[in-house]
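Visitor: Supplied in structure tokens, the structure appears directly below.
The values are calculated or read from the model by the stated rules, or taken from the named source; none is laboratory data. Keep in mind the model is a prediction, meaning the values are calculated, not measured. Positions of Cβ are backbone-derived with ideal geometry, glycine not excepted, and every protein chain shown enters the neighbour counts. SASA here: full protein model, heavy atoms, side chains in, ligands and nucleic acids out. Shrake-Rupley method; radii C 1.70, N 1.55, O 1.52, S 1.80 Å.
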Amino acid sequence: AGPCDIYASGNAPCVAAHSTTRALYSAYTGSLYQIQRGSDSTTTIIKPVSAGSVANAAAQDTFCASTTCVITIIYDQSGHGNHLTQAPPGGAATGPQANGYDNLASAIGAPVTLNGKKAYGVFISPGTGYRNDATSGVAKLDAAEGMYAVLDGTHYNDACCFDYGNAETSNTDTGNGHMEAIYFGNNTIWGTGSGSGPWVMADLENGLFSGYSAAENAADPTVTYRFLTAVVKGEPDHWAIRGANAASGSLSTYYSGVRPDVSGYNPMSKEGAILLGIGGDNSDGSQGTFYEGVLTSGYPSDATESSVQANIVAAKYAATSLTSGPAVTVGSSITFKATTPGYTTDYLAHNSTNIILEVVTSSSSTTLQQQATWTVVTGLGNSACVSFESKDTPGSYIRHFNFVLLINVNDGTKQFHEDATFCPQTALNGDGSSIRSWSYPTRYIRHFSEVGYIASNGGPETFDSTTSFNNDVSWVIGTGFS
Ligand code: AHR
Ligand code: AHR
């Protein structure tokens, strides 16, 4: 059985079932997600390999070979047609894309294996979001519902609001109790749990709640499982938050009781839209990774959720490599040589804190050679990727800021560490390596007008130009000068 077969037999059927990694019904053979590639803007649909199975990641890899891909649609497997697509602008934020829409997620930002078979999750960077404002069958007003999501408990931030669940149909904040969604992260503007976070909380609108009090609820623990099962469910004057390691063990109840002691949350005023990666008003500063999740009609029993958790554990989520292509070895001294025709004697170098292209040869000054030489270190923000320390300015690293590359002193913050983490992969033009930003996996180290950026293939920035993209993001990594 799949999770939604289990909910159905527990009298709380799925009314939305989203996953890019696997079928959530044992008989499901339909669409899991749609991707669009950068080379020609065409789309394809990824389905399970067989009924009830893991997604056909090989079909994605073939379709996206030598180009970029984004996830355009996450299909609803429940039959209700509640598909998630690019989120529209909202009351709090206008997205970076055309007409204020949010960004779409890279198709390769969150690779995993399920029972040893490769699949891809949905890596949400700040600015990214999915939504459906015209759903069917989803709980409204005070009606009972349940939901779970499998997330990456190591990918989060403190911005508002990495959510999955029930929200406003207008993309605006329409008041307390107009949302009921899973939140994951270490935002402290509203409620908190114990420790420093991240926490599973419920976004009920104008508040992230960890329990009855709008402030701290000590029974809601900090959870950082690499694979995290997060549960929120609500019925008239009763709701719960639960969580577990998605790779082993069983669910714990972090809160189960009456609605919060703040007016507007009892009864609830749920509206029935579904969102992923954003707040109800399209607040879009948050980040996180989503693998699978559902919304049910009816309040699932703890026993039903126990069976769902066992099913998730049996799916055997495991981490897999974030890199490919030529080895970029920790401890080595390297250079990045451009591969764009006309620039093949240019190297990525720093000039003060700026990152630019410079022609460097064996007879260049030692100063210039060192400016173009980098030491590979373990990724400051993710140990499965790497960071690049300046040869002549130890303690300073290549990082992006507003998508512009700089070298800055490591200030020890989570933000710096993530901005300085890159995942090398086989070059998009086949010549060397392309260096993907860990935190913005639609973006790669690129030269544009001889300046360094992290660029996406056809994004909103000038330096996101599709012209010469594959060449500009492909670098031959050689041995460091000096
Ligand atoms: O409830 C927290 C957030 O507050 C909601 O997601 C958003 O709509 C509002 O800004
Ligand atoms: O480069 C994009 C973002 O810009 C970085 O993550 C952040 O440091 C800055 O706001």
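Visitor: Computing the accessible area with a 1.4 Å probe over protein heavy atoms, can you report the carbon and sulfur percentage for the chain?
Guide: Roughly 50 percent, rounded to a whole number.
Visitor: Return the distance in nm (one decimal) between the two label points of a simple spin-label model at THR224 and SER482, each offset 7 Å from Cα along Cα→Cβ.
Guide: 3.6 nm
Visitor: Need the C-alpha centroid separation for region 421-443 versus region 376-408, integer Å.
Guide: That distance is 14 Å.
Visitor: Mind giving me the nanometre distance, one decimal, between the label points for SER66 and SER248, set 7 Å out from Cα along Cα→Cβ?
Guide: About 4.4 nm, to one decimal.
Visitor: How far is helix 302-314 tilted, in degrees, relative to the longest principal axis of the Cα atoms in the chain, given as a value from 0 to 90 rounded to the nearest 10?
Guide: Approximately 30 degrees, to the nearest ten.
Visitor: What whole-number value in Å² describes the accessible area per residue of region 266-318 for a 1.4 Å probe?
Guide: I get 22 Å² per residue for this part.
Visitor: If I model a spin label as a point 7 Å beyond the Cα along the Cα-Cβ vector, how far apart are those points for ALA310 and THR172 in nm?
Guide: 4.8 nm
Visitor: Starting from the Cα of ALA27, step 7 Å toward the Cβ, then list every residue of region 288-308 with an amide N under 17 Å from that point.
Guide: Counting only backbone N, you get no residues.
Visitor: Moving on. Would you compute, from DSSP H runs of 4+ residues alone, the mean residue ellipticity of the chain at 222 nm, taking -39500 (n - 2.57) per run and dividing by the full residue count, rounded to the nearest 500?
Guide: -2500 deg cm²/dmol
Visitor: Turning to a different aspect of this structure: With a Förster radius of 60 Å, plug the Cβ-Cβ distance of VAL258 and ILE45 into 1/(1 + (r/R0)^6) and report the FRET value to the nearest 0.05.
Guide: 0.85
Visitor: Report the extension gain between SER194 and ASP302 in nm, rounded to one decimal, defined as 0.36 nm multiplied by the number of residues separating them, less their alpha carbon distance.
Guide: Length gained, SER194 through ASP302: 36.6 nm.
Visitor: Right, another one. Which shape class, rounded, prolate or oblate, goes with region 1-155 when its Cα gyration tensor gives a ≥ b ≥ c as root eigenvalues, a/c under 1.5 marks rounded, and past that a/b bigger than b/c marks prolate?
Guide: oblate
Visitor: If you don't mind, there's one more thing I want to ask. Under 25 Å Cα-Cα from LYS270, which lysines qualify once same-chain neighbours fewer than 8 residues away are excluded?
Guide: LYS140, LYS233
Visitor: Mind checking which of VAL112, GLY430, ILE73 is farthest towards the positive end of the chain's charge dipole, using Cβ charges of +1 (Lys, Arg) and -1 (Asp, Glu) about the Cα centre?
Guide: So the residue we want is GLY430.
Visitor: Give, rounded to the nearest 20 debye, the magnitude of the charge dipole that region 83-160 has about its Cα centre when Lys and Arg contribute +1 at Cβ and Asp and Glu contribute -1 at Cβ.
Guide: 320 debye
Visitor: For region 352-427, treating each Cα as an identical point scatterer without solvent, what Debye log10 I(q)/I(0) comes out at q = 0.14, 0.15, 0.18 1/Å?
Guide: -0.46, -0.52, -0.73
Visitor: Also, I was wondering about something else. Reachable lysines from LYS337, Cα under 21 Å, same-chain residues fewer than 8 places away excluded?
Guide: LYS391
Visitor: Hey, another quick one. Once the whole set of protein chains is in place, how much accessible area is left on SER465, using a 1.4 Å probe, in Å² to the nearest 10?
Guide: 40 Å²
Visitor: Which FRET efficiency value, to the nearest 0.05, do you get for THR361 and SER383 by plugging their Cβ-Cβ distance into 1/(1 + (r/R0)^6) with R0 = 45 Å?
Guide: The formula returns an efficiency of 0.80 here.
Visitor: Continuing with this model, one more query. Under a straight-distance cross-link criterion of Cα-Cα below 13 Å, which aspartates and glutamates are reachable from LYS118, leaving out those fewer than 8 residues away in the same chain?
Guide: Partners within reach: ASP61.
Visitor: Can you give the FRET efficiency for ASN351 and ALA327, using 1/(1 + (r/R0)^6), R0 = 35 Å, r = Cβ-Cβ distance, to the nearest 0.05?
Guide: Using R0 = 35 Å, I get an efficiency of 0.75.
Visitor: Magnitude of the Cβ-charge dipole of the chain, K/R +1 and D/E -1, about the Cα centre, nearest 20 debye?
Guide: Dipole about the Cα centre, nearest 20: 1280 debye.
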